[in-house]
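Take a look at the structure below.
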Amino acid sequence: MARTNEDALAAVQPLSVDLRGLQRVGARPGFVDYLVQIWNYRHFIAYDAKSRVQSGNRRDRLGSAWLILNPILNGLTYYLIFGLLLNTGRGIENFIGYLVIGIFLFQFSSRAITNGARSIQQNRAVIQAFSFPRATLPISVNLRELLANIPVLIVMMLLVLLVPPTEDVTWRWLLVIPALALQWIFNLGVGLILARIISQVNDVVHLLSFALRAWMYASAVFYSFDRFIDDPVVLNILELNPLFQVLDIVRDCLLYATVPSWQSWAILSCWALGALAVGAVYFWRAEESYGRA
């Protein structure tokens, strides 16, 4: 028996194991590998966005109608205060359409950025239970807001067509699509940046609403810069605002039948692509920290 054990031990040969191909569980992958992982989860992102759109307002009797009623009621409120009482629309051609576009598109960015920024914090239990690229959460939220706002944007265009002074449909209306695409990309980039910040410092949530309100006032949602600002330097600085560029491009296309300047497209494209690039890298660098207590 002892001899058998000695023979078995002699037959065991040491094996060399190459540890270079192993990776720590939960370790952050390379950036390109991370993008590939996100692409592999594209079906989950699409399913999650669609399902949340369908169930988002299920508890309300009017359901998804509130997505349309909220900007309409906001627009009516701002029209009564700024249009009638303060007369900020003086000198603006088709102020009602001007205001409708401003309110509807600002709400799109506001909802997308707010919900994207809180996506990590609100899904902490899911993050702790499953292994997946965390960026899929803010991406899904932004896709959900885009899908939810499709009927809202259609209503916006119908209001421009039906509420006097009415506008005619021209080929320039097609330019609204790339403008909204750039707006969505910008929303996603900012959401990724804020998602990481809020996951580490939750107090920023309380400041976000104030920042968005200030952004709205600085974006000419319900007034024109030209009426209140004479300094060309200050005016040029304010017009670098990406949301102002979105509103200006869409208003040119829908209300004034003019082709937006290439400068407007260039500014908006730089903001959108820059925000997405910075947001993706910034979010990826903290991939291992999400969901930790």
Check: How do the peptides 132-144, 210-222 rank, highest first, by the average count of neighbouring beta carbon atoms within 10 Å per residue?
Finding: 132-144, 210-222
Notebook entry, point to check: Which one of G189, A129, I96 is farthest out on the positive end of the charge dipole of region 61-289, using unit charges on Cβ (Lys, Arg +1; Asp, Glu -1) and the Cα centre as origin?
Noted result: A129
Checklist line | Net lengthening on full extension, S261/A46 (0.36 nm per residue, minus Cα-Cα) | finding: 74.0 nm
Checklist line | In order through region 217-231: 3J(HN,Hα) via Karplus (6.51 cos²θ - 1.76 cosθ + 1.60), integer Hz, x for Gly, Pro | finding: 5, 8, 10, 6, 5, 10, 7, 10, 4, 4, 6, 10, 10, 9, 5
Item checked: Simple spin-label estimate for A286 and L273 in nanometres, 7 Å along Cα-Cβ -> 2.7 nm
Notebook entry, point to check: Which residues in region 131-152 place their backbone N less than 11 Å from a point set 7 Å from the Cα of N202 along the Cα-to-Cβ direction?
Noted result: none
Next item on the list: Just subtract the alpha-carbon distance of V163 and R213 from 0.36 nm times their residue separation and send over the number in nm, one decimal.
Entry: 15.3 nm
Item checked: Karplus (6.51, -1.76, 1.60) ³J(HN,Hα), θ = phi - 60°, over region 269-285, in Hz, Gly and Pro reported as x -> 5, 4, 4, 5, 5, x, 5, 5, 5, 5, x, 5, 5, 4, 5, 4, 5
Check: Tell me, what ³J(HN,Hα) does each residue in region 155-160 have, in order and in whole Hz, if you take phi through Karplus 6.51 cos²θ - 1.76 cosθ + 1.60 with θ = phi - 60° and put x for Gly and Pro?
Finding: 4, 4, 5, 5, 5, 4
Checklist line | Fraction of the pair-distance distribution of region 61-289 above 21 Å, Cα-Cα pairs, percent | finding: 58 percent
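No lab work stands behind these numbers, since they all come straight from the coordinates. Model, not experiment: these values are computed from the prediction. Note: ideal-geometry Cβ built from the backbone for every residue, glycine included; neighbour counts use all protein chains shown.
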